[in-house]
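Everything on this sheet refers to the single structure shown next.
The values are calculated or read from the model by the stated rules, or taken from the named source; none is laboratory data. Please read these numbers as outputs of a predicted model, since none were measured by experiment. All Cβ positions, glycine included, derive from the backbone under ideal geometry; neighbour counts span all protein chains shown. Calculation scope for accessible area: heavy atoms of the full protein, side chains included, ligands and nucleic acids excluded. Shrake-Rupley method; radii C 1.70, N 1.55, O 1.52, S 1.80 Å.
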2 protein chains.
Amino acid sequence: MITKIDHLGVAVKSLETVIPYYEDVLGLKCEGREEVESQKVRTAFFAAGDVHIELLEPTSEESPIAKFIEKNGEGIHHIAFATDDITGQLGQAKEKGARLIHEVPFAGAGEKLVAFLHPKSSFGVLTEFCQDAK
Amino acid sequence: MITKIDHLGVAVKSLETVIPYYEDVLGLKCEGREEVESQKVRTAFFAAGDVHIELLEPTSEESPIAKFIEKNGEGIHHIAFATDDITGQLGQAKEKGARLIHEVPFAGAGEKLVAFLHPKSSFGVLTEFCQDAK
């Protein structure tokens, strides 16, 4: 079952340029930064209530985020739903006709199991499921 | 102060086509539907934790949502932050250099005061502030 929105991923060209917008214009607090080598991104995250906003800056032209920005410009990249049963959630999605990018969840940032649905079958919204692996 | 994410607006071509995805693939419950004539949209909303996902279907080619879909395809259209002081939030945003679409909040759906920042100054993310008017 989906319990909440865990985070929103936002593609940006430069963390240094965009962090001041989230801090000063919106008044949100930067709670941490992390480099995720497997995805070739640097991230910075902010809390708005119990949802995180995760800024994603590509560290390489091969990063999926670099490709997203090249095609779409900066903006919201994906929505991540927290689930208490990621395997069941993926099974339900597949059974109901969704196209899965990952049939099997893998270890993402922050000790979480994650998997993505393809935006082609989710009406333009790249969708992630995540579950605490702890 | 921003207290939480109130909702995400998602542009869709057809509620009838997309509602089953949110209900069956994600397992979320459609909590209501509404037509907002001023914005020329029909909406359907779902809850994920305390955040709503608001599907927006244009009812006219002049709808801002129709124009968004024509340019970008279906997908996440805006993010709405709940604030306890929308006037102060707009003032802070302006002072810090953000470009405002609305200098003065106006009455939106669900008895809320709303106002938008321009995505040009918010790095591709169309941003709404909203405050309960009750």
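Quick notes
- Filtering region B:114-125 to residues that are aromatic (Phe, Trp, Tyr) and not in a loop (DSSP other than H, G, I, E, B) leaves only B:PHE116.
- For region B:1-55, filtered to residues that are open to solvent by 70 Å² or more (accessible area, probe 1.4 Å) and assigned to a helix (DSSP H, G or I), the residue that is modelled with the lowest pLDDT is B:SER38.
- Boolean, A:HIS52 is touching a Leu at 6+ places or on another chain (Cβ under 7 Å) and not aromatic (Phe, Trp, Tyr): no
- Of all residues in region B:114-134 being among the polar types (S, T, N, Q) and open to solvent by 10 Å² or more (accessible area, probe 1.4 Å), the one that is farthest from the other protein chains (Cβ to nearest Cβ): B:GLN131
- Among residues of region B:88-100, those that are closer than 14 Å to B:VAL114 by Cβ and part of a helix (DSSP H, G or I), counted: 3
- When A:LYS13, A:LYS71 are checked against the criterion of being of a type in the set (D, E, K, R) and touching a helix residue (DSSP H, G or I) at 6+ places or on another chain (Cβ under 8 Å), A:LYS13 stands alone in meeting it.
- Selection within region A:104-113 - in a loop (DSSP other than H, G, I, E, B), in contact with a strand residue (DSSP E or B) (Cβ under 6 Å, 6 or more places away or on another chain) and either aliphatic (A, V, I, L, M) or within 11 Å of chain B (Cβ to nearest Cβ) (or both): A:ALA109
- Answer residue from region B:58-103, given it is of a type in the set (S, T, N, Q), open to solvent by less than 50 Å² (accessible area, probe 1.4 Å) and farther than 23 Å from A:ASN72 by Cα and is farthest from the other protein chains (Cβ to nearest Cβ) among those: B:SER60
- Looking only at residues in region B:4-45 that are among the acidic types (Asp, Glu) and touching a strand residue (DSSP E or B) at 6+ places or on another chain (Cβ under 7 Å), the one that is nearest to A:GLY88 (Cα to Cα) is B:GLU23.
- Count of region B:59-83 residues, restricted to those that are farther than 22 Å from A:PRO119 by Cβ and touching a His at 6+ places or on another chain (Cβ under 8 Å), is 0.
- Taken together, the residues in region A:56-87 that are in a loop (DSSP other than H, G, I, E, B) and of a type in the set (S, T, N, Q) amount to 3.
- Residues (within 15 Å of A:GLY73 (Cα to Cα) and of a type in the set (Val, Ile, Thr)) located in region A:1-16: A:VAL10, A:VAL12
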